[in-house]
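Each reported figure results from applying straightforward, stated rules to the coordinates on display, with no laboratory input. Note that the structure is predicted; figures quoted are calculated from it, not measured. Neighbour counts run over all protein chains shown; Cβ positions are idealised from the backbone, glycine included.
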Amino acid sequence: MKTETPSIPLVRGKFLAPLIRGVRGVSVFRLKKLSDWDQVVKFIIPKLKPGTIIALSGPLGAGKTTFVQHLAKALGVRSTPRSPTFSLVRSYRLHPTSYMPTRLLHVDAYRIEHTHDLTPLNLQEELTVPGTIMALEWPENIKKWLMNQPNKKIFISIKLHPRNFRTCKITGDAEEGSRSRRKPSDG
Amino acid sequence: MKRFRILAIETSCDETAVSIVEFTKARNFTKIRNHTIRVVKNLVSSQIPIHQKYGGVVPEVAARSHVPEVVSLLTLALGKQNMSAFDAIAVTRGPGLVTALRVGIEGARVLAFLSKKPIIGVNHLEGHLASAWLNATNRKHWKFPLLALIVSGGHTELVLMKNFCDYKIIGQTRDDAAGEAFDKSAKLMGLPYPGGPQIAKLAKNGDPNAFDLPRPMWKDPSLDFSFSGLKTAVRNEWEKVTRTREHENTRTKIDFAASIQQAIVDVLVEKTIRAAKQFTVSGILLVGGVSANEELRRQMAEKIKQELTGVAFLPSDKTYITDNAAMIAAAGYWRLMKGERHDWKKMDADPEWNV
């Protein structure tokens with residue numbers, strides 16, 4: 001699978017219907033090629049508000065960073081986000097639009113094994129910076145910390161299938177505006 | 001000729017390092033051949049034994065162990081001479097982990113305040129570039145413009161050096177670093193941390209063409225790299241191998257490791273050669289942790305000999321490949337010679353700093 005980000009900008013409106021959208025608050029996308037990520041991004045963006053945490057789980061090579069690259073592009077980040085595994089946190093300024101959010105934090109918990117290792121990263125404080133949204137890779141490593149955050153969360157779980165085809169399950173706060181009281185499962 | 005000693009502190013990631021390097025000041029800075037360098041002390045306290053347990057660098061652990069280490073290393077380096085052991089201080093300001101960087105910076109600031117000697121904050125990547133300069137033969141062939149390939153766990157960058165302190169990044173990774181590609185591929189194969197040396201060790205007698213892995217960004221005209229697609233390909237291939245239970249076979253493992261290594265090395269060498277042709281450089285630097293890889297060194301040297309006549313190959317010494325403070329001293333020297341100084345009162349870490 002090629003990793004170059006496609007140069008086609010997102011067009012407002014029309015997006016292909018996700019594969020399954022029956023269950024409330026759960027949407028599943030089927031991804032065959034790189035540009036399919038744009039559909040997922042398009043689906044996610046209206047659900048974002050300042051403080052939202054997007055938890056991305058999936059095995060090594062599933063496409064978590066690729067998703068963040070597409071998201072960043074759609075949100076107007078000029079540079080291409082690189083893997084934050086080494087530096088743990090990277091921050092991007094979003095192109096100023098008429099509405100929030102204004103800052104994207106890309107966090108990778110791949111190398112973090114204990115919640116207390118997070119303390120020096122000051123994630124809580126970073127999240128309170130106005131207009132910040134956070135994309136978190138390997139949330140299962142810091143599950144306890146994540147569950148304690150009052151922020152809105154969207155869970156994206158990517159599964160790899162044979163012949164380079166993926167499914168991407170999105171769980172979390174169901175429809176825009178409505179507050180789901182149901183605790184989101186670690187999708 | 002005057003002797004000039006720089007005390008350098010480096011704590012950007014998992015290594016705590018302190019070094020004292022003596023430079024014999026030449027009257028004319030541009031006449032590089034006149035410089036003599038003597039590394040008086042080069043102390044590195046590798047924290048790998050602690051990190052192995054966690055399978056990575058954990059900032060809290062890193063920062064916590066930097067504190068006692070930096071003090072004991074400084075005591076060792078300065079010895080009885082104390083403040084008279086150095087004439088200036090160089091310290092890594094970024095990029096790296098903020099918490100870890102701050103330990104070194106605070107130490108350097110205190111020393112600068114007490115000794116009233118000049119202090120300079122150095123970019124870690126510039127330090128890597130300077131690591132090649134520590135080698136006397138490299139200095140002899142040092143002629144700008146130069147091209148540098150920095151490859152490590154967190155970086156994969158092609159840097160065009162027009163002069164000292166005048167750089168331009170002409171290519172870099174779009175996702176994972178080369179060292180990360182090694183480490184994560186090793187993890188997928190079930191090898192222990194750090195994965196790079198493990199793969200190199202296994203690959204020694206393997207067949208690099210046994211498995212068909214992609215060469216990402218090969219056809220792309222830019223000088224950028226990408227290794228995340230390779231990671232996915234490694235995963236798919238390895239799953240095929242596991243399904244047939246072939247993964248218990250040592251031969252298969254060796255061949256697989258060799259194929260991974262070759263895929264990464266191929267791309268690194270090819271893009272470097274392309275860049276060298278495009279910018280007509282007179283030398284190529286190979287620096288950073290991954291440059292310890294024997295195959296990368298060998299194939300790079302071979303390709304340069306074949307395709308670029310008259311271009312010098314300048315890899316850094318094995319001693320200065322991984323993070324160390326001697327290279328920070330050398331980069332600090334470049335900056336100090338240009339007249340740059342920092343104010344210790346205002347200095348702070350810069351975790352996202354680019355050269």
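Here are the numbers for the structure shown:
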quantity	calculated
Residue-by-residue Karplus 3J(HN,Hα) for segment B:338-353, coefficients 6.51, -1.76, 1.60, Hz, glycine and proline x	7, x, 7, 9, 10, 8, 4, 6, 9, 6, 8, 5, 9, x, 10, 5
Peptide B:175-187 - average C-beta neighbours from other chains (10 Å radius)	3
Gyration tensor (alpha-carbon) shape descriptor, segment A:96-166, a/c threshold 1.5	oblate
Estimated vicinal HN-Hα couplings, Hz - segment B:7-12 in sequence order (Karplus 6.51, -1.76, 1.60; Gly, Pro = x)	9, 10, 10, 9, 9, 6
Equivalent ellipsoid semi-axes, the protein assembly as shown, via Cα gyration tensor eigenvalues times 5, rooted, Å	41, 28, 21
Listed residues B:D323, B:D183, B:D212, most fluctuating in chain B (Gaussian network, C-alpha, under 10 Å)	B:D212
Segment A:51-134: C-alpha gyration tensor shape, a/c 1.5 cut-off, then a/b vs b/c	oblate
Cα gyration tensor category, rounded, prolate or oblate, for segment B:97-233 with a/c compared to 1.5	prolate
Sequence-distant residues sharing a close amide H with B:H35 (under 5 Å, placed H)	none
Under-5 Å amide H pairs with A:I54, H placed in peptide plane, nonlocal only	A:M134, A:A135, A:L136, A:I154
Most mobile listed residue (B:S282, B:S152, B:S131) in chain B, GNM with C-alpha springs under 10 Å	B:S282
Karplus-derived HN-Hα couplings along segment B:149-163 (A = 6.51, B = -1.76, C = 1.60, θ = phi - 60°), whole Hz, x at Gly and Pro	9, 9, 10, 8, x, x, 9, 9, 9, 9, 10, 8, 9, 7, 6
Candidates B:F113, B:F23, B:F256, ranked by Gaussian network fluctuation over chain B, Cα under 10 Å, top entry	B:F113
Equivalent ellipsoid semi-axes - Cα gyration tensor, segment B:144-315, angstrom	30, 15, 14
Average beta carbon contacts from partner chains per residue of A:63-72, 10 Å cutoff	2
Built amide H within the under 5 Å cut-off of B:L285, gap 5+	B:L147, B:A148, B:L149, B:L314
Cα extents of segment A:27-172 along the three principal axes, largest first (Å)	41, 38, 27
Most to least packed among A:26-35, A:61-70, B:302-311 [average Cβ atoms within 10 Å]	A:61-70, A:26-35, B:302-311
DSSP H segments from chain B that extend 30 Å or more along their own axis, Cα-based, with Kyte-Doolittle mean of 0.0 or above	B:250-279
Net charge of neighbours whose Cβ lies under 10 Å from the Cβ of B:A263, counting Lys and Arg as +1 and Asp and Glu as -1	-1
Fully extended contour minus Cα-Cα distance, from B:E302 to B:S72, at 0.36 nm per residue	78.5 nm
Average beta carbon contacts from partner chains per residue of B:227-236, 10 Å cutoff	6
